[in-house]
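Enquirer: The structure follows.
The values are calculated or read from the model by the stated rules, or taken from the named source; none is laboratory data. Keep in mind it's a predicted model, so treat the numbers as computed, not measured. Cβ sites come from the backbone with ideal geometry, for glycine too, and all protein chains shown count toward neighbours.
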Amino acid sequence: MTTLRARFDGKALILLDPPPDLPRDVELEVDVRSTSEPRVGSPRALLDAVRRPPHVSRETVDEMEKLIAESMRPAEFRGAFDDVAGDTEARG
Amino acid sequence: MNFVLDTNAVSDLVAEHPVATALLAAVAATDTVLLSVVTRGDLLFGLERLPAGRRTDNLRIKLAGILGALAFAPVTPAVAEQYALTKAACERAGGRVNDNNLWIAATVLTLNGTLVTRDKDFGLVAGLTIEDWTV
């Protein structure tokens, strides 16, 4: 995704800083958003959300992280049909 | 440039970590900050596991605002192909990386982005650009 800044003159969008590598003669999808509103995914939008109340304590966040980490299992690199050591003996 | 936040990077922003907040403020306005749908799932799962109460309500509100401000990186066929390559490479190298983290790493590699994390496990993934926003 490429973000471009432009001004609408009533008929066409005038690029303020046209990138040299923008493809020519192909249809592009343009998502128009006023720069007064930070776009989703912009550092400004995120910073506004971070600074907005309520404020959350480090302890609460750490507890959430701990609960997430408890549920995570490391990747198993053993194949689904690999025999587990002692398995055959146990079955035999 | 694309910055992809790991679970702990979102946690640091939720807690308004001063270094993380300052580094976010220094990101170029044209850059994009994203979250993998896998990380979103992990965060919402962690929230669900917290006991009900006022502090959980506050966290829910804060997290909703932050998630609403982030762009989302879906798991696409290209991410799935990268996941297979990354997991196989880790296996050959004898490294053990959590499966969810492998999906996140594959997303970052597909986007040619930078992963923001303090999780050292990601150091086992070759070719991954990592930043820790707490130091």
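Enquirer: Considering the range B:10-38 alone, what residues qualify as being closer than 21 Å to residue A:48 by Cα, out of contact with any Lys or Arg (no Cβ under 7 Å at 6 or more places or on another chain), of a type outside the set (Asp, Glu) and assigned to a helix (DSSP H, G or I)?
Expert: Within the range B:10-38, the subset closer than 21 Å to residue A:48 by Cα is B:10-36.
Narrowing the set further to residues that are out of contact with any Lys or Arg (no Cβ under 7 Å at 6 or more places or on another chain) leaves B:10-13, B:16-28, B:30-36.
Now restrict to residues that are of a type outside the set (Asp, Glu): B:10-11, B:13, B:17-28, B:30, B:32-36.
Matches in the range B:10-38: B:10, B:11, B:13, B:18, B:19, B:20, B:21, B:22, B:23, B:24, B:25.
Enquirer: Go through the range B:1-44 and count every residue that is more than 7 Å from every other protein chain (Cβ to nearest Cβ) and charged (D, E, K, R).
Expert: Looking only at that region, the number is 3.
Enquirer: Condition (residue is at the interface with chain A (Cβ under 9 Å from one of its Cβ atoms), under 15 Å from the mean Cα position of the chain (by Cα) and under 20 Å from residue A:71 (Cα atoms)) applied to the range B:64-81: is it met by at least one residue?
Expert: For the range B:64-81, residues at the interface with chain A (Cβ under 9 Å from one of its Cβ atoms), under 15 Å from the mean Cα position of the chain (by Cα) and under 20 Å from residue A:71 (Cα atoms): absent.
The rows are residues; the columns are (1) at pLDDT 90 or above; (2) farther than 30 Å from residue B:65 by Cβ.
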{"position": "A:25", "(1), (2)": "no, yes"}
{"position": "A:31", "(1), (2)": "no, no"}
{"position": "A:44", "(1), (2)": "yes, no"}
{"position": "A:52", "(1), (2)": "yes, no"}
{"position": "A:63", "(1), (2)": "yes, no"}
{"position": "A:73", "(1), (2)": "no, yes"}
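Enquirer: Evaluate the following for residue B:44: is it touching a Cys at 6+ places or on another chain (Cβ under 9 Å) and at pLDDT 95 or above? First the steps, then the outcome.
Expert: Details: touching a Cys at 6+ places or on another chain (Cβ under 9 Å): no; at pLDDT 95 or above: yes.
In short, no.
Enquirer: When residues of the range A:1-18 are filtered for being of a type in the set (Asp, Glu), away from every other protein chain (no Cβ under 12 Å) and under 28 Å from the mean Cα position of the chain (by Cα), how many remain? Before the answer, list the steps.
Expert: To start, the set of residues in the range A:1-18 that are of a type in the set (Asp, Glu) comprises A:9, A:17.
Still in the list and also away from every other protein chain (no Cβ under 12 Å): A:9.
This time we only want the ones that are under 28 Å from the mean Cα position of the chain (by Cα), so: none.
Here the count works out to 0.
Enquirer: Going through B:68, B:53 one at a time, which residue ends up being at positive phi, of a type outside the set (Val, Ile, Thr), out of contact with any Cys (no Cβ under 8 Å at 6 or more places or on another chain) and loosely packed, with under 15 Cβ neighbours inside 10 Å?
Expert: Details: B:68 fails: at positive phi.
After ruling out the rest, the residue left standing is B:53.
Enquirer: Right, something else. So, in the range B:1-50, exactly how many residues are buried (at least 22 other Cβ atoms within 10 Å of the Cβ) and of a type in the set (D, E, K, R)?
Expert: The total comes to 3.
Enquirer: Of B:127, B:68, which residue is without any contact (Cβ under 8 Å) to a residue 24 or more places away in the chain and either under 28 Å from residue A:37 (Cβ atoms) or in a helix (DSSP H, G or I) (or both)? Working first, answer last.
Expert: Numbers: B:127 fails: either under 28 Å from residue A:37 (Cβ atoms) or in a helix (DSSP H, G or I) (or both).
Sole residue among the options that is without any contact (Cβ under 8 Å) to a residue 24 or more places away in the chain and either under 28 Å from residue A:37 (Cβ atoms) or in a helix (DSSP H, G or I) (or both): B:68.
Enquirer: For residue A:59, only one of the following conditions fails: (1) part of a loop (DSSP other than H, G, I, E, B); (2) modelled with pLDDT of 95 or more; (3) farther than 19 Å from residue B:24 by Cα. What is its number?
Expert: Among (1) part of a loop (DSSP other than H, G, I, E, B); (2) modelled with pLDDT of 95 or more; (3) farther than 19 Å from residue B:24 by Cα, residue A:59 violates only (1).
Enquirer: Another question about this same structure. Filter the range B:71-108 down to the residues that are touching a Lys or Arg at 6+ places or on another chain (Cβ under 8 Å) and either among the charged types (D, E, K, R) or surrounded by fewer than 13 Cβ atoms within 10 Å (Cβ to Cβ) (or both) and list them by number.
Expert: Hit for the range B:71-108 is B:99, nothing else.
Enquirer: Determine the pairs where a residue that is on the phi > 0 side of the Ramachandran plot, located within the range B:7-22, has a partner that is crowded, with 18+ Cβ neighbours inside 10 Å with Cβ atoms under 9 Å apart, the partner being 6 or more residues away or on another chain.
Expert: Filtered contacts from the range B:7-22: B:16/A:50; B:16/A:56.
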